[in-house]
Amino acid sequence: MHEIEHVPGPMWRQWVDANRATIIDVREPVEWADGTLPGAERVSLGELPHRIASLDRSIPTLVVCRSGARSARAAEFLSRAGFRSVANLVGGMVAVGMAT
């Protein structure tokens, strides 16, 4: 298992750009209607174990949810599954001003 990085909400774009990372939004479909980060792949936390084979473990990954709790669990799951570099968006979509 690799160490999970913690990316502050306002720094998400810099982290993604600097790491050439992908973004996974683990919120539920109803929450996605409120918007997500540009380019984010939508994989709800419950679907993550079923979709993991379709995700690229070699690409750094930023995981996001509403407040950072679900994404922290998802980041830990991905790290245990052998993802090379995983980060959790601290404070989630609330921290970037896209959720209340």
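Bear in mind these aren't lab numbers, they're just calculated from the coordinates by the rules spelled out. Bear in mind that the values here come from a model prediction, so they are computed numbers and not experimental data. Glycine gets a Cβ as well: all are built from the backbone with ideal geometry, and neighbour counts include every protein chain shown.
Before moving on, here are some points about what is shown:
- The order of the peptides 72-79, 45-52, 28-35 by mean Cβ neighbours within 10 Å, most packed first, is 72-79, 45-52, 28-35.
- Using the rule -39500 (n - 2.57) for each DSSP H run of four or more residues, divided by the residues of the chain, the 222 nm mean residue ellipticity is -7500 deg cm²/dmol.
- The stretch 1-43: C-alpha gyration tensor shape, a/c 1.5 cut-off, then a/b vs b/c: prolate
- With 10 Å bins from 0: P(r) over the chain, alpha-carbon pairs, percent: 18, 57, 24, 1
- Note: relative contact order over the chain, using C-alpha pairs below 8 Å and six or more positions apart, is 39 percent.
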